[in-house]
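See below for the structure under consideration.
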Amino acid sequence: MPEANTILKPEELKPAAELARKTLEQLDAILLGRTELHRLVLIGIMARGHILFEGLPGLGKTALVRTIGQILKLDFKRIQFTPDLMPGDVLGTHILQETSSGKRELVFQPGPVFTNILLADEINRASPKTQSAMLETMQENCVTLLGTTRALPQPFFVLASQNPIELEGTYPLPEAQLDRFLFRLLFESVDAEVLDQIISGRRRGELPTPTWQMERAELEILFQTMGRIYLPRPVSRYIARLVSATHPGSAEATAPVNRYVSFGASPRAAIAIAEAARGHALLNGRPSVGFEDVKAVAQAVMNHRLILNYQARFDRMTAAKLVMELLGQLDETGLNLPKDVELAKA
Amino acid sequence: MMTTHSHALQIFARKLAWLLMLRRAVRWMSAWFFVCGVLILAARIAGTPSLKWLALGILMCVPLAIFAALWERRRLPAFNKIRASYDHLEKCGGLLMAEETAEMSAWHAQLPAASVPGLRWAGSRSLLVLFVAALFVAVTMLLPERLTHLGHRSLEVGKIVDQLQAEVQTLAQEKIIDDKKSDDLQKQLAQLQKDASGYNPDKTWEALDHIKQSDSDLAKQAAEEAVQKTESLTEAETLAQAMQQAADEGMTAATASQAAQDLESLLNAAKLEEGVLNGKIPPELLANLNGLNKEQMEKLVKAMESNKNSLGQTLGDLAKLKMIDPAMLAKLGDAGKKGNSDELAAYLAQCQGGNCDSEILFSWLRHKGGGRGGPGAEMTWDNDTSEKDLKFQEHALPPATQLDAAQLVGVSKAAPELSANDIATGHGALDNAAASGGSAHAQAILPEQKQAVQNFFKRDNQ
């Protein structure tokens, strides 16, 4: 719990909130029709989390990642994952080179992972071996090869995408790796109105150049401000209860959870929710996290962390539905009022 | 602004506390009313006489409600949870929650306008239950008694009670019991009929049997008394009539005086004014029995007749209710039959100088003068016992030697002498007769026996 003087004052929060607002404006201006998605992506960035995009080809996943890189003035690289992609292709490799003195030595050639923003396109097409190569980079932000650990440039984000169709020949991401993604965001098709704007306003779909870019120092301010967003105790308790309730058999688990969930969300999920909720609060210009911030990010955080059983598959139950149901059922404040007593906004 | 939110938060917390306490109190009161109702109903069905304490128990709902509210007060949610709820409901975005840690006055401007969140209690069901519970208690208290005794199998004693009430009424009418006792018995009977239960009939039957036995005893006592009084009155009446006749035939004054004394003793023996059945002879007549003229004597006879009729009427009423044995009524009839006063009048007339024997007089009155067993009754004999076809066992007589050894003391030709001791005071011809010694028993022969004795000695002539 932060000290009394660590809670942000309005004048301290305002620059960061302004930066976030500007970033969001740029995103919304460049990529049309995905305001809510943009907010979550920005929250993920501010929370220094990795994001897994899931959507059909051509919906603008790469464009989004590229635009973020441009706005944040961060280095951006893309890897198209294929079954024959090797870990060295991602992490880098040692190459025998002759120096100017004529001596031969192994020189490390960094892979595309050495960047600020890595777009791992169709990550589920790579073999498990290659996928696992991403584990250390995503969690530790470093790469260890031949006993040498090399830190990745900061900030480091993996923005991966996977195609929900054409699943033949793919390797579904293991739970351990899925758990490392802060969000799993679904890319859905935009409506006709947006499509019309895209067609009429952008020749060959070329994206406009950002009119404003965030400086590195400004990004640091954003990260520092994020760290000072206050998480009240009732809210943290709510997050803990929410994550705990995803475990079948727990005290507050709902009937659908007990019926459909094999394994609930991990403690990393609780941390992710707390961080994402901070980002949501900052985006809304508040120095403290409220229950609504948690609700806004909970589904994106947990929808890839619940392991459902076969019964859920038979009943077409999804993790997203379960989380929504849980958010509706669980009393945020833990007042435990009797069922016949209700609170209502005046 | 913050002050306003703080104030609104306080109001909200207070409202929530009151609502929860009220809700708890309503629930406990409902439960208490149901418990009270069940207890009262059970008590009434069980026939508990006093429901006062149970009714007072209903008033316990007030302290119970207070206790429930206090109990709920201790279980109220923590204030930080209430603040979190307020923050959430008012969409304060955690700013109010952060206030517990830091000074947030700089953010007041960012907060929405303060308002006290609403509290909705779906209490209609709880209040309905409370209403039903209160109604239940009221119904259990006001339920008619006949409905609370549905489980009782009443004991049908109406017929017996009616009969006993009639008996008591008759006893009271005949003055066998006084009015107070009659009222008590009627009340007892009414209460017994009311309390009669098929579950415990012994008590009722025993009580009814006791009253019936008591009535029967009184009736029996009255009947016996009536018979006795009637008997005495009949004797007195016969004597009075004989005295009237004898006076006409020249009864001496001495004999009249003696007869009047006997009449008085007979009336005294009747004890008309004692016992359960009271009769009365005019006292002016009783005071001067010796000097009654003919009219007064007739008046006396009528008074005795009236008393006898009254006694007969009483016994008749008792017999109608089967309170006495019908034989007792017949006995009364026998007791009321007068003897032939002519012979007694003749006897009184022949007595000279007041030498009439009272014992003879009373005996005659007891036997109602001549009759089948009186002195004038004819004697009859049956045929001799036939010895035909009878076989007698022969016994050898003892040898005569013993007779030879007997000693003749002497033969007296004179009449035996009687000493005073030889006159028997008791009955029986051979009483006090000595086996030897030359004495003989002499028995005084009563007038009524005289004719029988004479008939005995004249039998050969018949």
Normalized C-alpha radius of gyration of the range A:139-294, against 2.2 N^0.38 Å?
1.35
Once both labels are modelled 7 Å past Cα along the beta-carbon direction, what's the B:Ser124-A:Trp212 spacing in nm?
5.4 nm
Roughly what angle does helix A:192-201 make with the longest principal axis of chain A, taking Cα atoms, 0 to 90 degrees, to the nearest 10?
30 degrees
Check cross-link reach from A:Lys14 to the lysines: straight Cα distance under 16 Å, and skip same-chain residues fewer than eight apart.
A:Lys22
Largest-first principal axis extents, alpha carbons of the range A:1-85, Å
54, 29, 22
Interatomic Cα distance distribution for the range A:204-316, bins of 5 angstrom, percent:
2, 11, 17, 17, 14, 11, 10, 7, 6, 4, 0, 0
As a test of reading the structure, rank B:Leu111, A:Leu337 by solvent-accessible area (1.4 Å probe, protein chains only), most first.
A:Leu337, B:Leu111
Most fluctuating residue given options A:Leu24, A:Leu74, A:Leu96, as computed from a GNM of chain A linking Cα atoms under 10 Å:
A:Leu96
Distances longer than 16 Å among the Cα atoms of the range B:4-47: what percent of all pairs is that?
59 percent
Rounded to the nearest 500 deg cm²/dmol, what is the calculated helix-only ellipticity per residue at 222 nm for the protein assembly as shown, with -39500 (n - 2.57) per DSSP H run of length n ≥ 4?
-17000 deg cm²/dmol
Length-normalised contact order for chain A - Cα pairs under 8 Å, 6+ apart - percent
22 percent
State, in angstrom, two size descriptors of the range B:207-261 derived from its alpha carbons: Rg to one decimal place and Dmax to the nearest whole number.
19.7, 63
Per residue, how big is the convex hull around the C-alpha atoms of the range A:248-299? Give it to me in cubic angstrom, could you?
85 Å³
If R0 = 41 Å, then A:Gln109 and A:Leu186, at their Cβ-Cβ distance, give a FRET efficiency to the nearest 0.05 of 0.70
Compute a Gaussian network model of chain A, connecting alpha carbons closer than 10 Å, and tell me which residue from A:Tyr230, A:Tyr310, A:Tyr238 fluctuates the most.
A:Tyr310
The helix A:128-140 Cα axis meets the longest alpha-carbon principal axis of chain A at an angle in degrees, between 0 and 90 and rounded to 10, of 70 degrees
Taking only Cα atoms, what is the 0 to 90° angle, nearest 10, from helix A:291-302's long axis to the longest principal axis of chain A?
50 degrees
With all distinct Cα pairs included, what does the Kirkwood hydrodynamic radius of the range B:27-99 come out to in Å, to one decimal, could you say?
15.6 Å
Under 15 Å from the A:Thr318 label point (7 Å along Cα→beta-carbon), backbone N, the range A:155-169:
A:162-165
How much of the calculated P(r) for the range B:85-144 lies past 12 Å, in percent of all Cα pairs?
76 percent
Per-residue SASA entry for B:Asp248, accessible area with 1.4 Å probe, Å² rounded to 10
110 Å²
Report Rg (one decimal) and Dmax (nearest whole number) for the range A:302-346, counting Cα atoms only, units Å.
14.7, 44
For chain A, set up a GNM with springs between Cα atoms under 10 Å and report which of A:Phe53, A:Phe291, A:Phe81 has the largest fluctuation.
A:Phe291
One would report the antiparallel percent of DSSP beta bridges in the protein assembly as shown, rounded to the nearest 5, as 45 percent
Below 18 Å, Cα to Cα, which lysines can B:Lys187 reach? Residues fewer than 8 away in the same chain don't count.
B:Lys159, B:Lys203, B:Lys212
Here, chain A modelled as identical Cα point scatterers in vacuum has Debye log10 I(q)/I(0) at q = 0.07, 0.13 Å⁻¹ of -0.33, -1.10
Where Rh is the Kirkwood radius over the Cα pairs of the protein assembly as shown, the temperature 37 °C and the viscosity 0.692 mPa s, what D in µm²/s does Stokes-Einstein return?
80 µm²/s
FRET efficiency for B:Leu446 and B:Asp334, using Cβ-Cβ distance with R0 set to 35 Å, rounded to 0.05:
0.90
Limiting things to C-alpha atoms, what are the Rg and the maximum Cα-Cα separation (Dmax) for the range A:277-334, in angstroms?
13.8, 44
A:Gln197 paired with B:Leu59, simple spin-label distance in nm, labels 7 Å along Cα-to-beta-carbon:
7.7 nm
Tell me whether the range B:232-298 comes out rounded, prolate or oblate; compute the Cα gyration tensor, take square roots of the eigenvalues as a ≥ b ≥ c, and use a/c under 1.5 as the rounded threshold.
prolate
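The values are calculated or read from the model by the stated rules, or taken from the named source; none is laboratory data. A quick note: this is a predicted structure, and the numbers were derived from the prediction, not measured. Note that each Cβ is placed from the backbone with ideal geometry, even for glycine, and that neighbours are counted across all protein chains shown. Only protein heavy atoms, including side chains, enter the accessible area calculation; ligands, DNA and RNA are left aside. Shrake-Rupley method; radii C 1.70, N 1.55, O 1.52, S 1.80 Å.
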